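Participant: Handing you this structure, nothing more for now.
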Amino acid sequence: MANNKYDVVVAGSGIGGLCAAALLARYGYKTLLTEKSERLGGRFSTIEQEGFKVPTGAVAIATRGVTEDIFREVGAPFDVRETVGTTAWMGGEWHVLPEKGQIRALMSLLDKTGASKTKILSRLAQGAATEKILGAFRQGGSGATDPKNKMSFRDWLKQYTDDEKVLQLFHALTSAISSVNDFEYPVSHWFTYVSSAGQGGMPYHGVAPRGNIELADALADTVKKRGGDVWTGCPVEKIVVQQGKVDTVTVKKNGSHVEVATSVLISDMGPKKTIELADRSAFDADYLKQVDALRPSPIVHTLIASDKPLVEAQGGLLIIGAKRIVTGVPMTRHCPELAPPGQHLMVIWSTPSSCLHPIDKEEEAKLTLEDIRQVFPDFDRHGRILRMDVRDIDDELPALRSWMGYDMPQETPLPNLYHVGDAVKPFGWEGLAACSRGAQ
């Protein structure tokens, strides 16, 4: 008989688990949030390295939306400093994009850079191609927001153009959101994401000036203030299923195994880890097939320290035409608190050539470094790699536990077991906001 009894146990403290626990405590449920690490947040956290506050994953936090709404509802401070604008690197130059009409502006830049280099189309034909593509974006196309439509973004786009520069542009644009390649990303997800049927894009976003760990701790504090418990350094080691439902979980705490009874278990550990802890025999074959078919996405997550800004940009970065890197954020342009005095911190993300198969970590790191030197010419004189995490598809914490558009449902065959997190994202939502929405 378990001595510890809760209405809900939330296993894992990523943003999905944190939001779920905070909301449940807010609604009056006795809640236990347990995290195997000594630090809350998972990929929504911060580590200290050489005086820098280094993100463990997420950096750009969507504001004025579901995540901020949850913080407000549970009474947690939401200290996020909004960034302004997007700056694109293309053809060796940086271009500040307008707040609205960014795709049109990018297409216009392609026309200009193409005129001075390889002129595939005449000026008139270029303009016609731009309008054709923009028109296709406005219309979406048949089945464009149907989750069952797995046509890739690239295959959809190639119906309108085969211009390599245009393909590079939209590869960077979609990969910056999806963390996979444009030929792996369902076009249906993109059109849902940018519409009111989904997240509606990410027009407002920002950076936490004292690191994401402060936000993670703030949510956890609301659980404790409402009579719940938060256990860190306490991994769930077993999920006990009795008569077709979760009965107890076994948690390792202070070197001992503690039995915790719960009416509901919400897992933010990912479906694969969850069924491993519960025993696969507790689930039917169809469900196990879904779990085994999940497609985690790899990523190269690079933190660059420098003694001067390597780019004069106020907002997010879009990198078009590089071998691997597609996006980044000059974090200390907005939040100098994240670096020691006189130092600067920038995060860069790279998408491997294939997100379906295991990657060559050394090769991906090498190509990322080559891109950094090309895009940021002052890197060797003024910058250095503070940290480079090359995360493969079989890593415990990949970029995402499921490609966008290929997620599993939150419900499971066990009536009191649910998932939150980035393997069960609502269709048409991205990353952190998707995890918040799933918790909600």
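The values are calculated or read from the model by the stated rules, or taken from the named source; none is laboratory data. As the structure is a prediction and not an experimental result, all values here were calculated from the model. With ideal geometry, Cβ positions are generated from the backbone for all residues, glycine too; neighbour counts draw on all protein chains shown.
This table checks each residue for (1) surrounded by 19 or more Cβ atoms within 10 Å (Cβ to Cβ); (2) outside any strand (DSSP E or B); (3) modelled with pLDDT of 95 or more.
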{"residue": "CYS234", "(1), (2), (3)": "yes, yes, yes"}
{"residue": "GLN314", "(1), (2), (3)": "no, yes, no"}
{"residue": "VAL326", "(1), (2), (3)": "yes, no, yes"}
{"residue": "PRO341", "(1), (2), (3)": "no, yes, yes"}
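Conditions tested, residue by residue: (1) within 23 Å of the chain's Cα centre (by Cα); (2) of a type in the set (Asp, Glu); (3) closer than 26 Å to ARG43 by Cα.
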position: ARG154; (1), (2), (3): yes, no, no
position: ASP163; (1), (2), (3): no, yes, no
position: LEU169; (1), (2), (3): yes, no, no
position: VAL187; (1), (2), (3): yes, no, no
position: GLN199; (1), (2), (3): yes, no, yes
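Participant: Might you check whether a residue that is within 19 Å of VAL66 (Cα to Cα) and either assigned by TED's automatic domain parsing to the domain that holds ARG154 or of a type in the set (A, V, I, L, M, F, W, C) (or both) occurs anywhere in the stretch 222-237?
Facilitator: Checked the stretch 222-237: at least one residue is within 19 Å of VAL66 (Cα to Cα) and either assigned by TED's automatic domain parsing to the domain that holds ARG154 or of a type in the set (A, V, I, L, M, F, W, C) (or both).
Participant: Could you list, in sequence order, all residues of the stretch 403-429 that are under 21 Å from VAL194 (Cβ atoms) and either touching a Pro at 6+ places or on another chain (Cβ under 7 Å) or not in a loop (DSSP other than H, G, I, E, B) (or both)?
Facilitator: GLY405, PHE427
Participant: Being crowded, with 17+ Cβ neighbours inside 10 Å and aromatic (Phe, Trp, Tyr) is the requirement here; does TYR204 meet it?
Facilitator: For TYR204, the condition - crowded, with 17+ Cβ neighbours inside 10 Å and aromatic (Phe, Trp, Tyr) - is not met.
Participant: Could I ask something else about it? Take SER37 and tell me if it is under 16 Å from ASP268 (Cβ atoms) and buried (at least 24 other Cβ atoms within 10 Å of the Cβ).
Facilitator: No; evaluated as a whole, the condition is false for this residue.
Participant: Of everything in the stretch 241-260 that's at negative phi and in contact with a Pro (Cβ under 8 Å, 6 or more places away or on another chain), which residue is surrounded by the most Cβ atoms within 10 Å (Cβ to Cβ)?
Facilitator: The extreme case among them is VAL251.
Participant: Moving on. Which residue, of HIS257, HIS171, HIS189, HIS205, is farther than 30 Å from GLU48 by Cβ and out of contact with any helix residue (DSSP H, G or I) (no Cβ under 8 Å at 6 or more places or on another chain)?
Facilitator: Exactly one residue qualifies, and that residue is HIS257.
Participant: Whether any residue in the stretch 411-421 is without any contact (Cβ under 8 Å) to a residue 40 or more places away in the chain and in the same structural domain as VAL241 (by TED's automatic domain parsing) is what I want to check.
Facilitator: Looking for residues that are without any contact (Cβ under 8 Å) to a residue 40 or more places away in the chain and in the same structural domain as VAL241 (by TED's automatic domain parsing), one finds at least one in the stretch 411-421, hence yes.
Participant: Just one of SER267, SER306, SER263 is among the polar types (S, T, N, Q), at pLDDT 95 or above and surrounded by fewer than 19 Cβ atoms within 10 Å (Cβ to Cβ); which is it? Give the derivation first.
Facilitator: On the way: SER267 fails: surrounded by fewer than 19 Cβ atoms within 10 Å (Cβ to Cβ); SER306 fails: surrounded by fewer than 19 Cβ atoms within 10 Å (Cβ to Cβ).
Sole residue among the options that is among the polar types (S, T, N, Q), at pLDDT 95 or above and surrounded by fewer than 19 Cβ atoms within 10 Å (Cβ to Cβ): SER263.
Participant: Considering only the stretch 219-232, how many residues are of a type in the set (Gly, Ala, Ser) and buried (at least 19 other Cβ atoms within 10 Å of the Cβ)?
Facilitator: 2
Participant: Are any residues in the stretch 377-403 touching a Ser or Thr at 6+ places or on another chain (Cβ under 8 Å) and closer than 18 Å to GLY51 by Cα, and if so, which ones?
Facilitator: Scanning the stretch 377-403 gives HIS382, GLY383, ARG384, ILE385, ARG387, MET388.
Participant: Another question, if that's okay. Would you be able to tell me the number of residues in the stretch 174-216 that are among the small types (Gly, Ala, Ser), in contact with a His (Cβ under 9 Å, 6 or more places away or on another chain), modelled with pLDDT of 95 or more and not in a helix (DSSP H, G or I)?
Facilitator: The number of residues fulfilling the criteria is 1.
Participant: Quick check: is even one residue across the stretch 360-378 at positive phi and either buried (at least 16 other Cβ atoms within 10 Å of the Cβ) or assigned by TED's automatic domain parsing to the domain that holds MET346 (or both)?
Facilitator: No; the residues of the stretch 360-378 include none that is at positive phi and either buried (at least 16 other Cβ atoms within 10 Å of the Cβ) or assigned by TED's automatic domain parsing to the domain that holds MET346 (or both).
Participant: Just give me the residues in the stretch 348-395 being more than 25 Å from MET331 (Cα to Cα), in contact (Cβ under 8 Å) with a residue 60 or more places away in the chain and of a type in the set (Asp, Glu), in sequence order.
Facilitator: Answer for the stretch 348-395, where residues must be more than 25 Å from MET331 (Cα to Cα), in contact (Cβ under 8 Å) with a residue 60 or more places away in the chain and of a type in the set (Asp, Glu): ASP394, ASP395.
Participant: Same structure, new question: List every residue pair whose Cβ atoms sit under 8 Å apart, with the two residues 6 or more apart in sequence or on different chains, where the first one lies in the stretch 155-167 and is touching a residue at least 40 places away in the same chain (Cβ under 8 Å) and the second, anywhere, is of a type in the set (A, V, I, L, M, F, W, C) and assigned to a loop (DSSP other than H, G, I, E, B).
Facilitator: Cβ pairs passing all conditions: ASP163/ILE120; ASP163/LEU121.
Participant: Regarding the stretch 363-373, can at least one residue be identified that is more than 20 Å from LEU317 (Cα to Cα) and in a loop (DSSP other than H, G, I, E, B)?
Facilitator: no
Participant: If you scan the stretch 273-287, which residues turn out to be surrounded by 15 or more Cβ atoms within 10 Å (Cβ to Cβ) and touching a residue at least 12 places away in the same chain (Cβ under 8 Å)?
Facilitator: Here is the first cut: in the stretch 273-287, the ones surrounded by 15 or more Cβ atoms within 10 Å (Cβ to Cβ) are 273-275, 277-278, 282-283, 287.
Within the stretch 273-287, THR274, ILE275, LEU277, ALA278, ALA282, PHE283, TYR287 meet the criteria.
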